[in-house]
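Structure first, commentary second.
The values are calculated or read from the model by the stated rules, or taken from the named source; none is laboratory data. All figures in this text were calculated on a predicted structure; none of them were measured in a lab. Every residue, glycine as well, gets a Cβ built from its backbone with ideal geometry; the counts of neighbours run over all protein chains shown. Keep in mind that these areas ignore ligands, DNA and RNA; they rest on the heavy atoms of the full protein, side chains included. Shrake-Rupley method; radii C 1.70, N 1.55, O 1.52, S 1.80 Å.
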Amino acid sequence: MTANAELLGRYGDSLLGVFGTPALVIERGEGCYVWDADGKRYLDLLAGIAVNALGHNHPEIVGAVSKQVGEVVHVSNFFTTRAQIGLAEALLKAAGAPDGSRVFFTNSGTESMEAAIKLARRTGRPGIIAAQGAFHGRSTGALALTAKAAYREPFEPLLPGVKHIPYGDADALAGALTPEVGAVVLEPIQGEAGVIEPPEGYLQRVRELTRMAGVLMIVDEVQTGIGRTGDWFAFQSTGIVPDAITIAKGLGGGVPIGALMTFGPEVSALLQPGMHGTTFGGNPLACAAGLAVLATITRDGLLENAIRVGDAFAAAVVALEHPLICGVRGRGLLRGISLTEPIAPAVATLARDAGFIVNPVAPDTLRLAPPLIITAAELTTFVDALPALLDAAAA
Ligand SMILES: *Cc1c(COP(=O)(O)O)cnc(C)c1O
């Protein structure tokens, strides 16, 4: 028996079955590569679902986290640390946040959404509008905003007052902005739905409509943020300023951390002392990792890399002119390869056997969200392998 098989047997006997059986036991990583328990190497084109922004075992994260571990790991929110203050300042700067903006640290994307829901409730109007296809997390609050019926139905009734409207349709939003609505929550690109981009100008229209209606516009940047699309945050490419954003995934480069960012003094005043809290949120260990991620993205020009390498990758996939490929969606290093047949799961399995980790996010879509440090040459090895993988999956 292989080491992978032996360990996966033990996994099945000890872990709750909510994830099914994992594909691999990963033992170590270096740069954009990981190795499984049998020593096989894979090019990691998913980065733990847009999490390992600097790849694996990055010296800046190893150094920052090691140093922080040796100083102080946790202090509670009765106290604060240089790392926590420094990361909040760095995030506000990266977001170009207006004066009076603030940061609340969490441990995950879901917890960032929970904080956002409480922010929305503080408008005094319980209605929240989200989009069809949306993914915002699995806790009972965040799940009410998530659209997928299979995730929701076993747990209904969920938080009341949430209405889902078609994504990318500003007129549908205009019609849904009743006096009970306090907030609109949207992903700037829908990641879990299959890397779906809204039409040009949609977020700008949402901003106009929500401003006119006095409704909060909350942008879920959990997957798109921290450089993934080539801007620090995807909303920045649209010129709008939302009322709040949620982040997580890439922020800690693999160390669990998230945040709610509130923009401007009025929105930041909605959550007052005592109204929200968390034990681990903002701990210095996770904040040290976040600081290393932001500093390294800046130092190494990784926003530019995401655009340059991401655009070259999309162009190279299109240039294959393969009959099973209909196009490439997304921006920067968040990409969906759209297929003409529902063979994405088979392609992903064959790709893994060939040493590439990609994600069949939808039956007809392969999602790639590689580390922001990835090179054009590394991506080219996958582009070169793709035609044969598609042909084999369709055969
Ligand atoms: C992953 C994700 C979440 C949930 O984040 P967790 O860290 O898994 O709780 C929320 N929103 C979006 C857009 C996501 O991609």
- Once you have the Cα-Cα distance between residue 14 and residue 178, take 0.36 nm times their residue separation minus that, and quote the gain in nm to one decimal. 54.2 nm
- Post the alpha-carbon centroid distance, segment 330-395 to segment 151-229, in whole angstrom. 28
- Kirkwood radius from Cα pairs of segment 1-146 plugged into Stokes-Einstein at 20 °C, 1.002 mPa s, gives D in µm²/s equal to 111
- Query: Per-residue ellipticity at 222 nm for the chain, helices alone: DSSP H runs ≥ 4 residues times -39500 (n - 2.57), over residue total, nearest 500 deg cm²/dmol?
  - Reply: -11500 deg cm²/dmol
- Message: Quick check on segment 72-299: of the DSSP beta bridges with both residues there, what percent are antiparallel, nearest 5%?
- Response: 40
- Task: Bin all alpha-carbon pair distances of segment 255-395 at 5 Å intervals from 0 and give each bin's fraction as a whole percent.
- Result: 2, 9, 15, 16, 14, 11, 10, 9, 7, 5, 2, 1, 0
- Query: Amide H of residue 27: which non-local residues (sequence gap of 5 or more, or other chain) have their own amide H closer than 5 Å, using H built in the peptide plane?
  - Reply: 35, 36, 37
- Note on the structure: segment 1-84: Kirkwood hydrodynamic radius (Cα pairs, Å) comes out at 15.6
- Query: Any idea what diffusion coefficient segment 72-299 gets from Stokes-Einstein, in µm²/s, Kirkwood Rh on alpha carbon pairs, 20 °C, 1.002 mPa s?
  - Reply: 122
- What Kirkwood radius, in Å to one decimal, follows from the Cα pairs of segment 236-321? 15.9
- Query: What order do you get for 92-99, 210-217 when each peptide is scored by the mean count of other beta carbon atoms within 10 Å, highest first?
  - Reply: 210-217, 92-99
- Query: Using 7 Å Cα-to-Cβ label points, what is the residue 269/residue 211 separation (nm, one decimal)?
  - Reply: 2.0
- Task: Could you rank the peptides 219-229, 285-295 by their average count of other C-beta atoms within 10 Å per residue, with the highest value first?
- Result: 219-229, 285-295
- Query: What angle do you read, to the nearest 10 degrees and between 0 and 90, between the alpha-carbon axis of helix 109-121 and the longest principal axis of the chain?
  - Reply: 20
- Task: Provide the percentage of antiparallel DSSP beta bridges, counting only those with both residues in the chain; round to the nearest 5.
- Result: 65
- Task: Could you state the accessible area per residue of the chain in Å², with a 1.4 Å probe and every protein chain left in place?
- Result: 43
- Query: Nearest 0.05, what FRET efficiency do residue 76 and residue 163 give at R0 = 35 Å with Cβ-Cβ as r?
  - Reply: 0.35
- Message: Using Stokes-Einstein with the Kirkwood hydrodynamic radius over Cα pairs, what translational diffusion coefficient do you get for the chain at 20 °C and a viscosity of 1.002 mPa s, in µm²/s rounded to a whole number?
- Response: 99
- Note on the structure: Expressed as a percent, the accessible surface of the chain that is carbon or sulfur, using a 1.4 Å probe and the full set of protein chains, is 57
- Message: What does the C-alpha gyration tensor say about the overall shape of segment 158-220? Classify as rounded when a/c is under 1.5, otherwise prolate if a/b is larger than b/c, or oblate.
- Response: oblate
- residue 315 versus residue 388, label points 7 Å from Cα toward the beta carbon: distance in nm? 2.6
- Message: If I take all pairs of Cα atoms in segment 128-236, what percentage of them are more than 15 Å from each other?
- Response: 62
- Vicinal HN-Hα couplings computed from phi for segment 251-264 (Karplus, 6.51 cos²θ - 1.76 cosθ + 1.60; Hz; Gly/Pro x): 4, x, x, x, 7, x, 6, x, 7, 9, 10, 9, 9, x
